[in-house]
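Have a look at the structure below before the remarks.
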Amino acid sequence: MSLVVMKFGGTSVEDPTAIARTAEIVAGRVAAGKTPVVVVSAMSKVTDQLLACAAAASRGDRTGALAISSRLRSRHRDTAAALVKEQKDCATLQAAIEHDFDALDEVLRGLAAILELTPRISDLIVSYGERLSSVIIAQAFRERGLDSVHLDSREVIITDSQYQKAIPQDAVIEDRCATRVRPHLEAGRVPVMGGFIGSNEAGITTTLGRGGSDFTGALIGGALHAEAIEIWTDVNGIMTTDPRICPDALRVRVVSFEEAAELAYFGAKVLHPATILPAVRKNIPVLVLNSRNPTNEGTRIISLAPHCKTPFKCIAVKKKLTIIDVVASRMLMTHGYLKAIFDIFDKHQCPVDMVSTSEVSVSLTVDSNDKLPAIANDLGKIADVKYEGQKALICMVGEDIRGQHGIAAQVFAAVRHVNVRMISQGASEINMSFMIEEEDVEEAVRSLHAAFFQNPDPKIFDVEARQAATAKV
Ligand code: ADP
Ligand code: ASP
Ligand code: MG
């Protein structure tokens, strides 16, 4: 069985046209003799709107919350009506949609009364996005001649109970995939499942964190030993940088697992950071593909990438960071000082991205979040603390910087007009990162891109696309 997991992101299922395109892509794989498992995100922006609903209800704005929910109800209803013409099927699907929205509205009314949004309730509310999209898409596939079956991911993706960022339980997932997914594949059916959502062992709904549908795809691919995991999105693959910042970004044909993991962690939104893990463990190639341009060969993520003459593969950007400077006035050179600092971040469950130390001070960067005042307060008991938000991290990734001399000088020459706050070269030796003001990001990325991707290695980068675009102008 030539098993492939196909994950479609929000823009790939944003409306009836996009869903119809998705059905064609899947049908194409079936016609080519593949056995697909389909994982879908919520329709684009639905997750944000559900979170807005939850926030409104928890402020006591019952009318506002129900108004957002009502607009979402119409959008899903209309999408289903446009995709499913067969009357009986359409009636069943519409009844399922109404049922889900009635249940969601019930939760919102309750929330508006108790005014307390717990992470558990947030996961329940936000789960409707993927629950609804997957049911509609499974039916749309059937109407288009695919023998598809909807499976509730909450019965397959079993996690712990850390709501909003639940940790999948690999052994249970493997077992559930074997007993609840594989039999459908053996019967020739195409399972359609919602990404991002799961449940704990008690059956309570959890989620894997924002962007987590990629992770679902990889978990299922890993558990079923798929031959490939395909991440279908709205760009041609992993690009040399975010094309929204740099329209002349080039598609990278191939990157290693290690490079992709760094890129994802340091902000290239195209892939959720945890996606790579299950693929690495089972050595399953991951492909990033464009559902609006399905014949493009995309990006292949494999364990060992070929040598590249260009030192970097990609420039990633992570915004909304805060830099914390801790000055060791009182505990200078004291044994256990760094441990004491990290213990405080640990206590507040706050991951640290980048660290740089001197003899008297430690600078750390973290995602800006509401725990910072409490963290600063605790740190203030052992040192002097300052923190400043609106920072961004630029991360340049490429295995071929290993052993290259003078590369840092070239990087900093390219951004000499930008104020660099903090520098670090990852222990992995495949990334160079530095911190700047958020407002300087676009300028810095464009300068770096111009400096390093003027004459990129054609074996690794899709230079023909750039030549074709230039010829058109
Ligand atoms: P999906 O909804 O399909 O999961 P996302 O919005 O999560 O899609 O990710 C795709 C987006 O990631 C692209 O539209 C692009 O703007 C952004 N992006 C950021 N960095 C990169 C990069 N290096 N390569 C490709 N896309 C990137
Ligand atoms: N719908 C979820 C989100 O927007 C998960 C995903 O799309 O990957 O974060
Ligand atoms: Mg995504």
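Distance from the C-alpha centroid of the stretch 251-268 to that of the stretch 212-235: 15 Å, rounded to the whole angstrom.
Expressed in nm to one decimal, what extension gain is obtained for the pair Ser303 and Arg244 from 0.36 nm per residue of sequence separation less their Cα-Cα distance? Walk me through the numbers before you get to the answer.
On the way: separation 59, 0.36 × 59 = 21.24 nm, distance 2.82 nm.
Once the chain is fully extended between Ser303 and Arg244, it gains 18.4 nm.
In the assembled protein chains, Lys339 presents an accessible area of approximately 130 Å² (probe radius 1.4 Å).
Expressed in nm to one decimal, what extension gain is obtained for the pair Ala91 and His335 from 0.36 nm per residue of sequence separation less their Cα-Cα distance?
On the way: separation 244, 0.36 × 244 = 87.84 nm, distance 6.97 nm.
That pair, Ala91 and His335, stretches by 80.9 nm at full extension.
In whole Å, what is the distance between the alpha-carbon centres of the stretch 395-427 and the stretch 1-52? Going from one Cα centre to the other spans 38 Å.
Charge tally around Glu437: other residues with Cβ under 14 Å, Lys/Arg +1 each, Asp/Glu -1 each, net -1.
Accessible surface computed residue by residue for the chain, with neighbouring protein chains in place and a 1.4 Å probe, gives 43 Å² per residue. Note on the stretch 393-467: percent of Cα-Cα distances in each 10 Å bin, starting at 0 and stopping at the bin with the largest distance, equals 17, 49, 29, 5.
In the chain, what percentage of the DSSP-assigned beta bridges are antiparallel, given to the nearest 5? Around 60 percent antiparallel, to the nearest 5.
I'd like to verify something in the chain: which complete DSSP H helices, judged by Cα projection on the helix axis, reach 24 Å or more and average at least 0.0 on the Kyte-Doolittle scale? Don't skip to the answer; put the middle values down first.
Values: long enough: 62-83 (32 Å, -0.39); 87-114 (40 Å, 0.14); 119-143 (37 Å, 0.26).
Helices meeting the criterion: 87-114, 119-143.
Taking amide hydrogens as modeled 1.01 Å from N in the peptide plane, which residues meet the under 5 Å criterion relative to Thr35, leaving out close sequence neighbours? Residues meeting the amide H criterion: Ser2, Leu3, Val4.
Would the stretch 95-204 count as rounded, prolate or oblate if I go by the C-alpha gyration tensor, calling it rounded below 1.5 in a/c and otherwise prolate when a/b exceeds b/c, oblate otherwise? Verdict is oblate for the stretch 95-204.
According to the square roots a ≥ b ≥ c of the eigenvalues of the Cα gyration tensor, what is the shape class of the stretch 245-289, taking rounded for a/c under 1.5, prolate for a/b larger than b/c otherwise, and oblate for the remainder? Prolate. Phi angles of the stretch 266-283 translate, via the Karplus equation with coefficients 6.51, -1.76, 1.60 and θ = phi - 60°, into HN-Hα couplings of 8, x, 6, 4, 4, 9, 6, x, 6, 4, 5, 3, x, 5, 5, 4, 9, 6 Hz per residue; Gly and Pro are given as x. Among the protein heavy atoms, those of Thr357 account for about 90 Å² of accessible surface (1.4 Å probe, every chain in place). Accessible area of Arg73 (1.4 Å probe, protein heavy atoms only, ligands and nucleic acids ignored): about 30 Å².
Largest first, the residues Arg244, Arg131, Arg210 sort by 1.4 Å accessible area into Arg244, Arg210, Arg131. With the Cα gyration tensor of the stretch 176-242 giving a ≥ b ≥ c as the square roots of its eigenvalues, does the rule (a/c under 1.5 for rounded; else a/b larger than b/c for prolate; else oblate) give rounded, prolate or oblate? The shape class here is oblate. Within the shell defined by Cβ-Cβ distances under 14 Å, the residues around Ile220 carry a net charge of -2, with Lys and Arg each +1 and Asp and Glu each -1.
A straight line joining the Cα centroids of the stretch 127-197 and the stretch 452-468 runs 38 Å.
Amide H to amide H distances under 5 Å link Thr159 with Gln169, Ser199, Asn200, Glu201, where only residues 5 or more positions off or on other chains count and H is placed in the peptide plane.
Is there a pair in Lys319/Lys386; Lys269/Lys459; Lys282/Lys320; Lys45/Lys459; Lys313/Lys371; Lys318/Lys386 whose C-alpha atoms are over 27 Å apart, and which pairs would that be?
On the way: Lys319/Lys386 19 Å; Lys269/Lys459 24 Å; Lys282/Lys320 34 Å; Lys45/Lys459 36 Å; Lys313/Lys371 34 Å; Lys318/Lys386 21 Å.
Pairs exceeding the cut-off: Lys282/Lys320; Lys45/Lys459; Lys313/Lys371.
Per atom type, the chain shows carbon and sulfur on 52% of its accessible surface, probed at 1.4 Å.
As a test of the definition: which semi-axes, in Å, follow for the chain when you take the square root of five times each eigenvalue of its alpha carbon gyration tensor? Largest first, please.
Details: eigenvalues 295, 179, 84 Å².
In descending order the semi-axes read 38, 30, 20 Å.
Sorting His405, His76, His150 by accessible area puts them as His405, His150, His76; the probe is 1.4 Å, largest comes first, and only protein heavy atoms count.
Of Asp325, Asp367, Asp214, which has the most accessible area and how do the rest follow, probe 1.4 Å? Write out the running numbers ahead of the final one.
On the way: Asp325 30, Asp367 70, Asp214 10 Å².
Correct descending sequence by accessible area is Asp367, Asp325, Asp214.
The values are calculated or read from the model by the stated rules, or taken from the named source; none is laboratory data. In this text the structure is predicted, and so the values were computed from the model without any measurement. Reconstructed Cβ throughout: ideal geometry from the backbone, glycine too, with neighbour counts over all protein chains shown. Just so you know, the surface numbers come from the protein's heavy atoms only, side chains and all, with ligands and any DNA or RNA stripped out. Shrake-Rupley method; radii C 1.70, N 1.55, O 1.52, S 1.80 Å.
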